[in-house]
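Asker: Quick one: the structure is below, questions incoming.
We did not get these values from a lab; they are worked out from the coordinates using the rules stated. Predicted model, so just to flag it, every value in this text is computed and none were measured. Cβ placement follows ideal geometry from the backbone for every residue including glycine, while neighbour counts extend to all protein chains displayed.
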Amino acid sequence: MIASGRSGRHDEGSLTIYVTLLAVALLALIGLVVDGGTALAATRTATDVADQAARAGAGAVDPGDLHDGQVRLNPPAAIAAARSYLASAGMPGRVTVQANEVTVSISFEEPTTFLGIIGIDHIDVHATARAIDVHGVVTSD
């Protein structure tokens, strides 16, 4: 009897399916590493910029009150200083002032490189910082 070219099994092409699924899973894992790292770096940068913008705003004291010996925040100047810092850093943000506290919030979407394969086209980045201007000597007990 002469053997035919077929063994009678019907699993032809199944290896292609396994390789394809493995490749997609591997790309998703690479996406988590690469895009996750990018998101962490973007969050760290946004936090640093929010901190510095809040500090810039908290330094905007009212010069009229300085002559009276009091240190008070000038809210319009504080908002302008914080917004100016945000603009120089190229970051979108929201600035609020309450009493002597300046709050800066930054939110934006960081596009992904690899995670688009599984339907994630961006990662949301958020950072918030608060600053209070402190004058004089501060000691700890």
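Asker: If I filter the stretch 80-97 for residues that are touching an Asp or Glu at 6+ places or on another chain (Cβ under 8 Å) and among the small types (G, A, S), do I get at least one hit? Before you say what the answer is, go through the steps one by one.
Answerer: Residues of the stretch 80-97 touching an Asp or Glu at 6+ places or on another chain (Cβ under 8 Å): none.
Within the stretch 80-97, not a single residue is touching an Asp or Glu at 6+ places or on another chain (Cβ under 8 Å) and among the small types (G, A, S).
Let's see how each residue does on (1) in contact with a helix residue (DSSP H, G or I) (Cβ under 9 Å, 6 or more places away or on another chain); (2) acidic (D, E):
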{"position": "G93", "(1), (2)": "yes, no"}
{"position": "V97", "(1), (2)": "yes, no"}
{"position": "E101", "(1), (2)": "yes, yes"}
{"position": "F108", "(1), (2)": "yes, no"}
{"position": "T112", "(1), (2)": "yes, no"}
{"position": "G116", "(1), (2)": "yes, no"}
{"position": "G119", "(1), (2)": "no, no"}
{"position": "I123", "(1), (2)": "yes, no"}
{"position": "T128", "(1), (2)": "yes, no"}
